[in-house]
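A short worksheet on the structure shown next.
Readers should treat all values here as calculations from the given coordinates under stated rules, not as data from a laboratory. All of these numbers come straight from a predicted model, not from anything done at the bench. When we count neighbours, we look across all protein chains shown, and the Cβ atoms used for this are built from the backbone with ideal geometry, even at glycine.
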Amino acid sequence: MHTIVLATQKGGSGKSTLAIGLALAAKQAGFTVRLIETDPQGTLSNWQRRRNNDDVVVEPIYHAADLAPRLKMLADSGLQLAIVDTAAGLSAATTAAIRHSDLCLIPARPSVADIEATVSTLSVARAWKRPYSFVLNQTPIRGQRIDNAANTLAEEAALDLTEVLARPMIVMRNDHQDSLASGLAVSEFAPNGKSTEEIRGLWQWVETRLNISATNVLIDQVIPVADDMLLVAAEHTLNETTTLAS
Ligand SMILES: Nc1ncnc2c1ncn2[C@@H]1O[C@H](COP(=O)(O)OP(=O)(O)OP(=O)(O)O)[C@@H](O)[C@H]1O
Ligand SMILES: [Mg+2]
């Protein structure tokens, strides 16, 4: 299982919106997905209630100590992807989520305040040696502001931009707000829209960053079957040996 966490200290930067968007993009790409809500504000649970469909499970886990054991249970059950949405600020639950993630996505609007607010999240990801990437969200369609923001983020991380900045950037579009309001993801609300194209592109980027391909997913499915077959073969051999011995 792969665990992605969306975290940044700044409120309203798009953690919940991107969590939902990525969850549905991954689901539509064939992954089994669960959304984990660590934010007591309940944006994901509220979205789930409006959705009126339990095809995507939103699981609230508000206590930091509950997170790791639950993620392990989900991994053991064969789930392929857990996406953890966190509250603004830096709570114990957020720190635990980052610690147990395979990738920490840090959304930021292209504003100085949002970019400055990424520092504390960045330091937690680094402290636990977790891979991280920035996602520029709610950007204008084009303009100097985006390039400036991207360069500042790269400077802050002291890393090559291509590695640290997820692509594409997610443009400010009404579809994101309207889909959230109707209990849908953008890829369901506007399947042919630019918003969907961007979110699907972002999922593909994340998938590559996580280094999971369709082949790996297949291997994940094949290994338990192979394990079962080995177990049956071992039992069979044991029975034969016992019969021969008696
Ligand atoms: N790309 C986008 N285009 C337009 N609106 C967006 C976009 N991303 C997020 N929004 C809107 O911005 C607001 C804040 O987004 P969201 O709730 O996802 O942020 P958040 O980081 O989870 O906030 P909080 O810190 O309060 O949990 C919401 O109204 C959401 O619909
Ligand atoms: Mg939120």
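In terms of other Cβ atoms within 10 Å, ILE83, ILE141 run from fewest to most in the order ILE141, ILE83.
Quick one: if the Förster radius is 22 Å, what FRET efficiency do LYS194 and ARG49 give, using the C-beta to C-beta distance and rounding to 0.05?
0.20
Net charge within 12 Å of ARG34 by Cβ-Cβ distance, Lys/Arg positive one each and Asp/Glu negative one each, not counting ARG34 itself? Taking every other residue near ARG34 into account, the sum is -3. When ASP178, ASP54 are arranged by Cβ crowding within 10 Å, least crowded first, meaning fewest neighbours, the order is ASP54, ASP178. Extension gain for VAL112 to THR208 (0.36 nm times residue separation, less C-alpha to C-alpha distance): 31.7 nm. Anisotropy class assigned to segment 64-188 is oblate, per the alpha carbon gyration tensor with a/c at or over the 1.5 cut-off and a/b no larger than b/c. Taking other C-beta atoms within 10 angstrom as a stand-in for reagent exposure, MET172, MET73 fall in the order MET73, MET172, fewest first. In a shell of Cβ-Cβ distance under 14 Å around GLY12, excluding GLY12 itself, what net charge do Lys and Arg (+1) and Asp and Glu (-1) give? Overall, the nearby charge balance is 0.
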